[in-house]
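Okay, so here's the structure we're looking at.
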Amino acid sequence: MTATVLSVRGLSVRFLMPGGRRVAAVTDAHFDVAAGECLALIGESGCGKSVLASALLGLLPANAQTAGEARLGDLDLLAADERTLARTVRGRRIGLIPQSPAAHLTPVRTIRSQLEETIGELTGVRGRAAVRGAAEAVAGRAAFPADHLDRHPHQLSGGLAQRAATALALVGDAPLLLADEPTTGLDRDLVDHTVDELRRHVDEADRALLMITHDLVAAERIADRVAVMYAGRIVELADADAFFGTHGPRHPYSRGLLQALPDRAFTPIPGLPPELGDLPGGCAFAARCDRATEACADRPRMAAAVACHHPYVPEDIRA
């Protein structure tokens, strides 16, 4: 039986705003990620995906309030203090590949020096020659060319900056990789290369990968399962083959995402998502949904891996 690396139960994030107003950025998220598996968390920008990632890493701002559990082995990430997260989780148990990696690399230091510092902090490798060799080895694992190690971040293309960030995330051999929009700003060929490399790291080391993305083409290429997020809630969990294949998604929003792709029917979803600070009492997607009825005035609960009063079934989708 494949071991569960990350188990999230009822994770919620609220932001306390001036005047006492609360913004529900993530509500009651439930999912697991197993060793050797990629779970793609997909949805439109602003739906709460990156907030969820920040909650797992303990990187939320001071006005955030969390609830629920997020267990990484025997550790509840939401209950852990900053010392524990900094010393035993970030880099060691969760390797982060950040959104816009060039902005997260130290601009005044070479890639080699950043790798060597990270190796010295996260591993038992000691000695100048050994650390240098370890830096070159981890760069090779991320397909980062050795002759670029002495360059600064501003001297790198977007694809090379992405590989540098991936190399840094691999240093600690963390069992969980968290990739936050790893294909943003890359052309299609680099997107394919990036997701193929991430898949290789998952398969070779039996890691778990949580990839946060709005790029459905990338998600289809890499994911074993998908979790669809809308207005702060996960509304569907599905096997990737079924979701992107003949069975198709079951939630109307999920189906709308696929239909909006240029190589499909290219039918955009009407309207705009609701503001997270002003969510409706019932189904948050009802105002944009052509299947909505009076029942949607009540918020649907997750049942059979979909939160919808009127989900599609395979016969509907094939028709």
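The values are calculated or read from the model by the stated rules, or taken from the named source; none is laboratory data. Note that the structure is predicted; figures quoted are calculated from it, not measured. Cβ atoms come from the backbone with ideal geometry, glycine included; neighbour counts cover every protein chain shown. Side chains are part of the model used for accessible areas, which takes the heavy atoms of the whole protein and leaves out ligands, DNA and RNA. Shrake-Rupley method; radii C 1.70, N 1.55, O 1.52, S 1.80 Å.
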Quiz item: Within the stretch 45-77, which residues are more than 27 Å from G19 (Cα to Cα), open to solvent by less than 40 Å² (accessible area, probe 1.4 Å) and in a strand (DSSP E or B)?
Solution: A70, L72, L75, D76
Self-check item: Which listed residue, of R9, R93, R14, R22, is at pLDDT below 95, over 19 Å from A218 (Cβ atoms) and among the charged types (D, E, K, R)
Solution: R22
Quiz item: Taking the stretch 97-111, which residues are modelled with pLDDT under 95 and surrounded by 17 or more Cβ atoms within 10 Å (Cβ to Cβ)?
Solution: I97, P98, Q99, P101, A102, L105
Quiz prompt | Hits in the stretch 1-25 - residues which are on the phi > 0 side of the Ramachandran plot and open to solvent by less than 30 Å² (accessible area, probe 1.4 Å) | solution = G10
Exercise. Would you be able to tell me the number of residues in the stretch 26-44 that are more than 20 Å from V217 (Cα to Cα), within 15 Å of the chain's Cα centre (by Cα) and open to solvent by less than 30 Å² (accessible area, probe 1.4 Å)?
Key: 5
Practice problem: Could you give me the residue pairs with C-beta distances under 7 Å whose first residue belongs to the stretch 45-66 and is without any contact (Cβ under 8 Å) to a residue 40 or more places away in the chain, whose second residue is assigned to a helix (DSSP H, G or I) and open to solvent by less than 10 Å² (accessible area, probe 1.4 Å) wherever it lies, and which are 6+ apart or on separate chains? | Solution: G58/L85
Quiz item: Taking the stretch 170-194 on its own, how many of its residues are over 10 Å from G159 (Cβ atoms) and acidic (D, E)?
Solution: 4
Quiz item: Counting just the residues of the stretch 112-156 that are outside any helix (DSSP H, G or I) and under 23 Å from the mean Cα position of the chain (by Cα), which one comes out surrounded by the fewest Cβ atoms within 10 Å (Cβ to Cβ)?
Solution: A143
Quiz item: Any residue at all in the stretch 186-195 that is assigned to a helix (DSSP H, G or I), crowded, with 19+ Cβ neighbours inside 10 Å and modelled with pLDDT of 90 or more?
Solution: no
Exercise. Residues being in a strand (DSSP E or B) and crowded, with 19+ Cβ neighbours inside 10 Å: count how many of those fall in the stretch 237-278.
Key: 2
Quiz item: Could you say which residue among C283, C296 is in a loop (DSSP other than H, G, I, E, B), at pLDDT 95 or above and open to solvent by less than 30 Å² (accessible area, probe 1.4 Å)?
Solution: C283
